[in-house]
Amino acid sequence: MKDQFVVGWGTLALINAGLAQGKNRSGLNWFFLSLFLSPIATLIIVVWEKLPEQKDLSQ
């Protein structure tokens, strides 16, 4: 039973990372944050607005 809980929590952290990247936020940061606050982090990601695209100034 505990193994299923750990797998589910890790899966939710991966989903949160994907959601964060879709909103132009750091997927890696949100993955690690989600390991500790998974359900709450999901709510925060879903409620926050998408960040605007950053322009490439190197050209």
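The values are calculated or read from the model by the stated rules, or taken from the named source; none is laboratory data. All values reported here derive from a predicted model rather than from experimental measurement. No Cβ is skipped: glycine too gets one built from the backbone with ideal geometry, and neighbour counts run over all protein chains shown. Keep in mind that these areas ignore ligands, DNA and RNA; they rest on the heavy atoms of the full protein, side chains included. Shrake-Rupley method; radii C 1.70, N 1.55, O 1.52, S 1.80 Å.
Using only Cα atoms, find the angle between the long axis of helix 2-22 and the longest principal axis of the chain, and express it within 0 to 90 degrees, rounded to the nearest 10. Tilt of helix 2-22: around 10 degrees.
Excluding same-chain neighbours fewer than eight residues apart, the lysines reachable from K23 by a Cα-Cα span under 20 Å are K50, K55. Only helices enter the 222 nm calculation for the chain: every DSSP H run of n ≥ 4 contributes -39,500 (n - 2.57), and dividing by all residues gives -24500 deg cm²/dmol, rounded to 500. Taking 7 Å steps out from each Cα toward its Cβ at S26 and I40 produces label points 1.9 nm apart. Expressed as a whole percent, the proportion of Cα-Cα pairs in the chain lying more than 19 Å apart is 34%. A straight chain from L12 to W48 at 0.36 nm per residue would run longer than the Cα-Cα distance by 11.2 nm. Placing +1 on each Lys and Arg Cβ and -1 on each Asp and Glu Cβ, with no other charges, gives the chain a dipole about its Cα centre of roughly 60 debye.
The 1.4 Å probe gives accessible areas that order T42, T11, largest first, as T11, T42.
Any idea what angle helix 27-47 forms with the longest principal axis of the chain, computed on alpha-carbon atoms, 0 to 90 degrees, nearest 10? Here the helix axis deviates by roughly 90 degrees. For the chain, the list of chymotrypsin sites (Phe, Trp or Tyr not before Pro) that fall in a loop by DSSP and count at most 16 other C-beta atoms within 10 angstrom reads W48.
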